[in-house]
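Accompanying notes for the structure given below.
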Amino acid sequence: MSEISMYKIVDSGKLFSFTPNRQSVKLSVWTLVVVLSLVLLSIIFFHDINRGMAILLVVLGPYLILHSLYDIFIRAEICYIFDQEDRIVYRKKPLFPTKKIMAFEEMVIFTSATGSYWHYAIGAKNNHLVKSYRISEDFKEGRKKSANESAYEIAILAKLYEMRQLPVR
């Protein structure tokens, strides 16, 4: 899969946009299929399962279904738009209006780690550790660079650094 289709990259010269969370769609679809299958099987064999398993499915089933649907229809479609003309970063989220995040001059690109995974994020210079926006999928820590990490750095990160260095018109 090419980087352009993987991240839905649109580069029109004045606007550069991409959706960083497209990678999670496949996992969310599989989670949804498995949970719906388990719920369907528990309905069919309701009298054969014990009470603890029924309670577990009643509690976790709706949560996992709603979380998977949120990942598929909302989170995977979050788009970051970098306006080169106005030098402003926007975040477009389905069902919500487009929101101005920050100006290019305030933007800091950094890595954020959680456990053995890390990702790229952007934030304002003064408070990037308090409020930041995730702009990549999770990468595994390790000595070798993964193919996804290299593709991301070439397709998106290089373009963001290039846009940040352009002079104000």
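Of note:
- Selected residue [modelled with pLDDT of 85 or more and farther than 19 Å from Ser136 by Cα] from Leu32, Leu15, Leu57, Leu27: Leu32
- Considering (1) acidic (Asp, Glu); (2) at pLDDT 90 or above; (3) more than 14 Å from the chain's Cα centre (by Cα), the lone condition that Glu77 does not fulfil carries the number (3).
- Of residues in segment 119-146 being more than 22 Å from Ile101 (Cβ to Cβ) and open to solvent by 80 Å² or more (accessible area, probe 1.4 Å), the one modelled with the highest pLDDT: Lys140
- Any hit, segment 119-126, residues being farther than 23 Å from Gln23 by Cβ and either among the charged types (D, E, K, R) or in contact with a Gly (Cβ under 8 Å, 6 or more places away or on another chain) (or both): yes
- Single residue of segment 96-125 satisfying the filter (free of Cβ contacts under 8 Å to residues at least 12 places away in the same chain and outside any strand (DSSP E or B)) that is nearest to Gln84 (Cα to Cα): Pro97
- In segment 126-163, the residues that are among the small types (Gly, Ala, Ser) and either outside any loop (DSSP other than H, G, I, E, B) or under 19 Å from Ile88 (Cβ atoms) (or both): Ser132, Ala147, Ser150, Ala151, Ala155, Ala158
- Which numbered condition Glu85 misses (of (1) open to solvent by 100 Å² or more (accessible area, probe 1.4 Å); (2) at positive phi): (2)
- Residue under evaluation Gly13, criteria (1) outside any helix (DSSP H, G or I); (2) under 21 Å from the mean Cα position of the chain (by Cα), criterion not met: (2)
- Look at segment 39-62: where a residue is β-branched (Val, Ile, Thr) and a partner is surrounded by 10 or more Cβ atoms within 10 Å (Cβ to Cβ), sitting 6+ places away or on another chain with Cβ atoms under 7 Å, you get Val39/Leu57; Val39/Gly61; Ile49/Ser42.
- Identity of the residue in segment 47-69, over 16 Å from Leu36 (Cβ atoms) and touching a helix residue (DSSP H, G or I) at 6+ places or on another chain (Cβ under 9 Å), that ends up most open to solvent (accessible area, probe 1.4 Å): Met53
The values are calculated or read from the model by the stated rules, or taken from the named source; none is laboratory data. It should be emphasised that the depicted structure is a prediction, and the values quoted were computed from it without experimental measurement. With ideal geometry, Cβ positions are generated from the backbone for all residues, glycine too; neighbour counts draw on all protein chains shown. Areas reflect the complete protein model, heavy atoms only, side chains present, ligands, DNA and RNA absent. Shrake-Rupley method; radii C 1.70, N 1.55, O 1.52, S 1.80 Å.
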